[in-house]
Amino acid sequence: MSRLSSAVPAEQYLADSQVLFYLNDAVTQLLDHKEEYTQFGLVRYFAEYFSSVKNSNHVLFREFNYITATQHNRASFIRVFWRCFRQIGKSGDLLSVWEYRSLLQLLCPDFPLEVVRSVARIVLMDDTADCLMSFSDFIYAFQLQFYYQEFLESVQVIYQDLLAGKSPNTVIVPTSSSVEQLISVATEENDREEQEQDGVDSSTLAECVDAFCDRFKHSYPSRTCMREAVEQTDKVSYFSFLMSLAKHESINQTIGVLPSKEELLIDPELDQELDKLIAQISVSPSSNSSSSAVGGLKEVQRRASPRRNIHHRRKIEVESDGSTEETDSSEN
């Protein structure tokens, strides 16, 4: 609400809210599918588009560049992923990197493997793709990595600088050239792995990260939260620092899309619909059980799944196959 105050200049409001980004995307989508969308009317189209942005449904089935273009898009995608797949956590299933990537690609077809591997390294402290992760461990690490990706990449370069013995006062703003320089001056692989396991001095890393925040122009976790995560021990490794951040409740509160770990698998509305479906199946005659189940399941899907938007319908139809058609032969 404060952004709507008359004290905020129009240019600043447009920049903070990124309205122009969404307006540009809405017009682009309209021009790309003009014949389809104009039959609904321009007013209705724009109303549907911005309603989906407000309700965080706009990221479904969009490309990776789009879902990472704004912090609102990133938060929306995290929430959609949680809502769609929380049942995995409820059932207690453990999944691998490849399996989590497959789930993410159901929502974003070009979702890159590298992001999922980065999440796995936070959870497992290792780069093993075959290790299994619980849904709760993955979702909180994914939230941190996905929402603050650029900042975490910069912190990793700072951490590597400190491992290489550079003075805290000479730690530079991370660039691709600095990463190459670190690789070129690194000692043997075994020595570097031992150093990473030992970590760096916690207070030194905290000071460097705090100083870097002064000149970083993108989103980053609160400084208090990071200092608390860093200073739990005398020495800290990069991934143990990230794991502490992922578990910190203030990260949840700042991003504002995931519940606490105690409530992560609780969704009363969806659970109620599933209970109704189970009850309906159990009391229905055997001859009608199939059609009842189909009808009930579709009702649950309509309520549990984010509403499909006008500008996504054509894309969904193209990507769907016979197994995902919404019209079932039992209804005819």
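The values are calculated or read from the model by the stated rules, or taken from the named source; none is laboratory data. Quantities reported herein were computed from a predicted structural model and do not represent experimental measurements. Cβ: placed from backbone, ideal geometry, glycine included. Neighbour counts: every protein chain shown. Please note that ligands, DNA and RNA were not included when accessible areas were found on the heavy atoms of the full protein model with its side chains. Shrake-Rupley method; radii C 1.70, N 1.55, O 1.52, S 1.80 Å.
With the checklist (1) open to solvent by 60 Å² or more (accessible area, probe 1.4 Å); (2) of a type in the set (A, V, I, L, M); (3) at pLDDT below 70 in hand, flag the one item Leu182 doesn't pass.
(1)
Quick test for you: out of Gln71, Gln29, pick the one residue that is within 23 Å of Gln253 (Cβ to Cβ) and in contact (Cβ under 8 Å) with a residue 60 or more places away in the chain.
Details: Gln29 fails: within 23 Å of Gln253 (Cβ to Cβ).
Within the list Gln71, Gln29, the selection yields Gln71.
Matching residues to (1) touching a strand residue (DSSP E or B) at 6+ places or on another chain (Cβ under 6 Å); (2) assigned to a helix (DSSP H, G or I); (3) touching a residue at least 40 places away in the same chain (Cβ under 8 Å); (4) surrounded by fewer than 16 Cβ atoms within 10 Å (Cβ to Cβ):
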position: Asn24; (1), (2), (3), (4): no, yes, no, yes
position: Gln39; (1), (2), (3), (4): no, yes, no, yes
position: Leu60; (1), (2), (3), (4): no, no, yes, no
position: Phe85; (1), (2), (3), (4): no, yes, yes, no
position: Arg101; (1), (2), (3), (4): no, yes, no, no
position: Asp130; (1), (2), (3), (4): no, no, no, yes
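Give all pairs with beta carbons closer than 6 Å in which a residue from the range 155-170 that is at pLDDT below 85 meets a residue that is open to solvent by less than 30 Å² (accessible area, probe 1.4 Å); count only pairs at least 6 apart in sequence or on separate chains.
From the range 155-170, the pairs are Pro168/Cys208.
Do you know which of the residues in the range 103-128 that are part of a helix (DSSP H, G or I) and charged (D, E, K, R) is most open to solvent (accessible area, probe 1.4 Å)? First the steps, then the outcome.
At the first step, the residues of the range 103-128 found to be part of a helix (DSSP H, G or I) are 103-107, 113-124.
Applying the additional criterion that residues be charged (D, E, K, R) yields 114, 117, 121.
Numbers: Glu114: 114, Arg117: 77, Arg121: 72 Å².
The qualifying residue most open to solvent (accessible area, probe 1.4 Å) is Glu114.
Looking at the range 236-253, I want the residues that are in contact (Cβ under 8 Å) with a residue 60 or more places away in the chain and within 21 Å of Ala75 (Cβ to Cβ) and have a partner that is open to solvent by 20 Å² or more (accessible area, probe 1.4 Å) and part of a helix (DSSP H, G or I) with Cβ atoms under 7 Å, at least 6 apart or on another chain. Which pairs are those?
Ala246/Tyr140; Lys247/Tyr140
For Phe64, which of the numbered conditions (1) among the hydrophobic types (A, V, I, L, M, F, W, C); (2) modelled with pLDDT of 90 or more; (3) open to solvent by 50 Å² or more (accessible area, probe 1.4 Å) fails to hold?
Condition (3) is where Phe64 drops out.
For Phe77, are the conditions met, namely being in a helix (DSSP H, G or I), open to solvent by less than 60 Å² (accessible area, probe 1.4 Å) and under 21 Å from Glu150 (Cβ atoms)?
Values: in a helix (DSSP H, G or I): yes; open to solvent by less than 60 Å² (accessible area, probe 1.4 Å): yes; under 21 Å from Glu150 (Cβ atoms): yes.
Criteria met by Phe77.
Those residues that are open to solvent by 90 Å² or more (accessible area, probe 1.4 Å) and either in contact with an Asp or Glu (Cβ under 8 Å, 6 or more places away or on another chain) or not in a loop (DSSP other than H, G, I, E, B) (or both), I need them from the range 217-231; list them, please.
His218, Thr224, Arg227, Glu228
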